[in-house]
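The values are calculated or read from the model by the stated rules, or taken from the named source; none is laboratory data. These numbers come from a predicted model, not from an experiment. Counting neighbours? That spans all protein chains shown, and the Cβs are built from the backbone with ideal geometry, glycine included.
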Amino acid sequence: MAKVAVFIDGSNLYFAVKDGLGIQDPIDVEKLSHKLVGSRELVRIYYYNAPPPPQEDPEIKKGQQAFRDRLGYIDYLQRRDGRLVERYFKFKCPECKTVREYKKHLQKGVDTRLAVDLVTLAVRKYYDIGILISGDGDFIEAVNFVKEHTHKRIENAFVMWRGWDRKLREAADVRITLTKEFLSDCLVEKR
């Protein structure tokens, strides 16, 4: 039986589902992973993200923390946290010419960690099939390396919208389009 490892780019998935499909409810990564793995053997789920940025709204903060806490109860899930860095940007209004500065939090270390794990775990023969849940073109070289040098298969699951890099889709052995219908039974149940 094929051993399968699932690699989830958490932020990339969150924004694709929210912006690309209009789904506001969080995805249950355990249900999604098991659905993608099917009858094959799941060896581990790797979930990559950075801690959420500081929130003013206590309800948003509470929801984010609840989601992260739930990850700790999922069997075979390994959370891989990156870090947040503050960056300041300037924006010039094209109409009034006013320049404003704003702060944005960027995640760092997430894509690199995912790419390194995808490659090193394939080289170590930890999995036969890797399922990459991301549309980020930064993973193309890692996917190609795994296929060419370890002869492992890579499946790529993502939302069909502007955030799914065409070259990443082409690099994958199997492409799985995540649609509203596909994800309908993979949402976090409301309590």
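Which is in contact with a Leu (Cβ under 9 Å, 6 or more places away or on another chain) and closer than 23 Å to Gly109 by Cβ, of Leu178, Leu168, Leu183?
Matching residue, one of Leu178, Leu168, Leu183: Leu168.
Which residues, taken from segment 55-82, are touching a residue at least 24 places away in the same chain (Cβ under 8 Å) and exposed (fewer than 12 other Cβ atoms within 10 Å of the Cβ)?
Matches in segment 55-82: Asp75 only.
Would you confirm, using the coordinates I've provided, whether Ile154 is modelled with pLDDT of 95 or more, touching a Lys or Arg at 6+ places or on another chain (Cβ under 9 Å) and over 20 Å from Lys35 (Cβ atoms)?
Answer is no for this residue.
Could you say whether any residue in segment 147-163 is part of a helix (DSSP H, G or I) and touching a residue at least 40 places away in the same chain (Cβ under 8 Å)?
So far as segment 147-163 goes, no, none of its residues is part of a helix (DSSP H, G or I) and touching a residue at least 40 places away in the same chain (Cβ under 8 Å).
If the Cβ limit is 9 Å and pairs must be 6+ apart or interchain, which residue in segment 16-43 that is without any contact (Cβ under 8 Å) to a residue 40 or more places away in the chain pairs with which residue that is assigned to a helix (DSSP H, G or I) and hydrophobic (A, V, I, L, M, F, W, C)?
Final answer for the pair search is Gln24/Val17.
Taking Leu118 as meeting all but one of (1) surrounded by fewer than 19 Cβ atoms within 10 Å (Cβ to Cβ); (2) closer than 18 Å to Asn49 by Cα, write down the number of the exception.
Here Leu118 clears every test but (1).
Please list, ordered by first then second residue, the pairs with beta carbon atoms under 8 Å, 6 or more apart or interchain, first in segment 116-140 and part of a loop (DSSP other than H, G, I, E, B), second hydroxyl-bearing (Ser, Thr, Tyr).
Lys125/Thr150
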